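K.L.:
Just dropping this structure here.
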Amino acid sequence: MVIPVPPQRNPEPPAAGKARPRDAMRPAPAVLLGRDAELAQLVEAFQGDRWVAVVGEAGIGKTSLVRAALASCGRRAFEGGGFATLAWMPYLALSRAVGRPIGGDASQAAAAVERETGPGILFVDDLQWVDPASRDALERLAGRVMVVAAIREGDPDAAEAIALLGRANAELVPLASLAAAEAAAIVRRIRPDASPTAVADAVRRGAGNPLLLEEIARTGASSGVLGRTL
């Protein structure tokens, strides 16, 4: 089955005098707080062409960290990922990454991805939700394409995703909760007028989770949906 996908989001730089398409514009990476060591670890893995994966709970900042590392390393990035509700769609993750439909058997799919990415870096977000066909093709890319992944810790399919990376000798980067100082900085960045008591309360309730901290800082309480997700 071949899945139609939107245009590639990582095209080559436009020729002089030509504007870059709107859908190719990437926002500048957000400032990361308390992640210097993990960021350096990712960049070092990229430089050594070693597969690497960031593992952590929902909202902890895995995707932001990987995107910041990709922006720092200067190599072309191809970003795709899985969706829990769309895991039945073959090659969806890889098709999203390269910006065109991927088909065939796993060997053919892997060859197509290798041709498209070349010396770039393939970023597979939410690997735990990636469709089985994409996973089969990914295994065949070990030693051929540089891959970085993000995995949601605690998800029922996380263990299988980590096992796949283990067979490729990937390096795992665990992402822990932020320390109190970094958590407070996130709250103050969103609510610079917050009192010390309000900041301390948000830090306590946010439990070092950047997404939850931002929600609390903006609204004063985490939404029910976000709370259940985290």
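All of the numbers you see were taken from the coordinates with simple rules; none came from a lab. These figures come from a predicted structure and were not determined experimentally. Cβ atoms come from the backbone with ideal geometry, glycine included; neighbour counts cover every protein chain shown.
K.L.:
Check 148, 124, 113 and return the single one that is assigned to a helix (DSSP H, G or I), in contact (Cβ under 8 Å) with a residue 12 or more places away in the chain and crowded, with 22+ Cβ neighbours inside 10 Å. Steps first, please.
P.N.:
Numbers: 148 fails: assigned to a helix (DSSP H, G or I); 124 fails: assigned to a helix (DSSP H, G or I).
On inspection, the qualifying residue turns out to be 113.
K.L.:
State which residue is surrounded by the most Cβ atoms within 10 Å (Cβ to Cβ) when the search covers only the stretch 165-187 and only residues that are among the small types (Gly, Ala, Ser) and closer than 30 Å to residue 142 by Cα.
P.N.:
Here is the first cut: in the stretch 165-187, the residues among the small types (Gly, Ala, Ser) are 166, 168, 170, 176-177, 179-181, 183-185.
Filter again for closer than 30 Å to residue 142 by Cα, leaving 166, 168, 170, 176.
Working: 166: 11, 168: 16, 170: 19, 176: 12.
Per the criteria, the residue is 170.
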